[in-house]
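Below is one structure; the comments refer to it alone.
The values are calculated or read from the model by the stated rules, or taken from the named source; none is laboratory data. Here the structure is a predicted model, which is why all the values come from computation and not from measurement. No Cβ is skipped: glycine too gets one built from the backbone with ideal geometry, and neighbour counts run over all protein chains shown. Protein only, heavy atoms only, side chains kept; ligands, DNA and RNA dropped before computing areas. Shrake-Rupley method; radii C 1.70, N 1.55, O 1.52, S 1.80 Å.
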Amino acid sequence: TSWYLEAAGLKRHVEFSKCGTARMLGLDSALKQGIFTTYVTLWTSSHLLVYSSRLSSAPSYNATSVVLLTETVKLILAASMYVAYDGSLREMIRVASKEVRVLLLYGIPALLYAMYNNLLFINLASFDPGTYNVLIQLKIALTGVLYQILFSKQLNRNQWAAILLITLGCMCKESGKVTTFGFQANLSSWFLLFVQMLCSVLAGVYNEVLLKGSDSAKRGVTTNLQNAFMYIQSIVVNFVVLIWEGKGSEAISPQNLEAIASLKVLSIIAIMSTVGLVTGFFLKHLDSVLKAVASALEVVFTMLLGFLFFGAPLGLSGLISGLLVGAGVALYSRPVPVLVAEDELKVV
């Protein structure tokens, strides 16, 4: 059925693409829906687990050593999945030895992620946690801008409005914790915060470019092998960071090893290792903008589940945040009407 609208004296036809639950956020296949749902679930679970460990008197541990172990487990999982779905271990080594250039390219996102993790500690020394959490959410809008520039793809007006709503929702969630101290930070602190956001966004977008490189796929560099390349570089970068900070002896100390062997830390390693693989498939089959949307949903789900399971405070700002992010997600999935001139229509 077709209908017409009067606009400036001309009849135009408005065609809308079908958008049901199966096409929410452009997730038009079971694979995309599964990847998106799994990604959000794993990240939300990790946030709740870390929150739970902070509530209890858990022993402290060296964070970089945990990251190293996590990246090692990711590498083992990626190699296992390659053997299971793509080829033998010998074939994996053969292709990897021929694609050293691609392996080296993954040093860039690995370095960016390492910078992001280290700047986290530096910036929290300049901003209080509430202010930091508010400002860091601006990377969602930055993701949309860079995605449009680097991929030469125009985001439609609904997507831009959705990104704005999601950004406002994330900021509203922590707005009550903003203190004057945060806004009195010096210029260098604000610059480092911007660099941290830029590292996160560029690493995600750059990794997406590598994962979607058709030439690499034709040469046998599958998603699992690309993930392995990323984890190898991440292990190298984080090992260098550990040595550079002079914490090598601390990482292998009995106290640190005992803390890492606890159930909660091992669970964190297991979840973060799994979500690392899912992230690779996320960027392969979806995009960085949807990754930003998923990150916004994680904030809201973690907030709500934290309230239900741990009695974490949930005030008016939290409720408003949920409504804003929910509206943004719904708007992102809404199709933009395509106007077609009447003389271009053919009535059947």
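Annotation note: Cβ proximity below 8 Å between a residue of segment 68-81 that is more than 14 Å from Thr279 (Cα to Cα) and a residue that is open to solvent by 50 Å² or more (accessible area, probe 1.4 Å) and in a helix (DSSP H, G or I) (sequence gap 6+ or interchain) occurs for Leu68/Phe239; Val73/Ala270; Ala79/Leu89.
For segment 106-139, filtered to residues that are open to solvent by less than 10 Å² (accessible area, probe 1.4 Å), under 20 Å from Leu283 (Cα atoms) and part of a helix (DSSP H, G or I), the residue that is modelled with the lowest pLDDT is Ala114. Selection of segment 172-194 for residues being part of a helix (DSSP H, G or I), modelled with pLDDT of 55 or more and open to solvent by 50 Å² or more (accessible area, probe 1.4 Å) yields Lys173, Ser175, Gly176, Lys177, Leu187, Ser188, Trp190, Phe191, Leu192, Phe194.
Of all residues in segment 279-323, those being open to solvent by 40 Å² or more (accessible area, probe 1.4 Å) and under 24 Å from Leu155 (Cβ atoms) number 5. For segment 40-52, indicate whether the set of residues that are open to solvent by 30 Å² or more (accessible area, probe 1.4 Å), farther than 19 Å from Val299 by Cα and at pLDDT 65 or above is non-empty. So far as segment 40-52 goes, no, none of its residues is open to solvent by 30 Å² or more (accessible area, probe 1.4 Å), farther than 19 Å from Val299 by Cα and at pLDDT 65 or above.
Give me the pairs, please: first residue somewhere in segment 293-306 and in contact (Cβ under 8 Å) with a residue 60 or more places away in the chain, second residue anywhere and basic (Lys, Arg) and buried (at least 20 other Cβ atoms within 10 Å of the Cβ), beta-carbon distance under 8 Å, and either six or more positions apart or on two chains. Every condition considered, the pairs that remain are Val299/Lys173; Val300/Lys173; Met303/Lys173. Across segment 270-278, not a single residue is classified as open to solvent by 50 Å² or more (accessible area, probe 1.4 Å), more than 18 Å from Ser52 (Cβ to Cβ) and touching a Lys or Arg at 6+ places or on another chain (Cβ under 8 Å).
Please determine whether any residue of segment 76-92 is modelled with pLDDT of 80 or more, part of a helix (DSSP H, G or I), open to solvent by less than 60 Å² (accessible area, probe 1.4 Å) and among the basic types (Lys, Arg). Looking for residues that are modelled with pLDDT of 80 or more, part of a helix (DSSP H, G or I), open to solvent by less than 60 Å² (accessible area, probe 1.4 Å) and among the basic types (Lys, Arg), one finds none in segment 76-92, hence no.
Whenever a residue of segment 205-216 is closer than 18 Å to Lys139 by Cα, it has no partner that is modelled with pLDDT under 65 lying with C-beta atoms less than 8 angstrom away and at least six residues away or across chains.
When the residues of segment 212-236 are filtered to those that are surrounded by fewer than 22 Cβ atoms within 10 Å (Cβ to Cβ) and aliphatic (A, V, I, L, M), the one that is modelled with the lowest pLDDT is Ala217.
Regarding segment 233-244, can at least one residue be identified that is out of contact with any Ser or Thr (no Cβ under 6 Å at 6 or more places or on another chain) and either under 30 Å from Leu324 (Cα atoms) or of a type in the set (D, E, K, R) (or both)? The answer is no; no qualifying residue exists.
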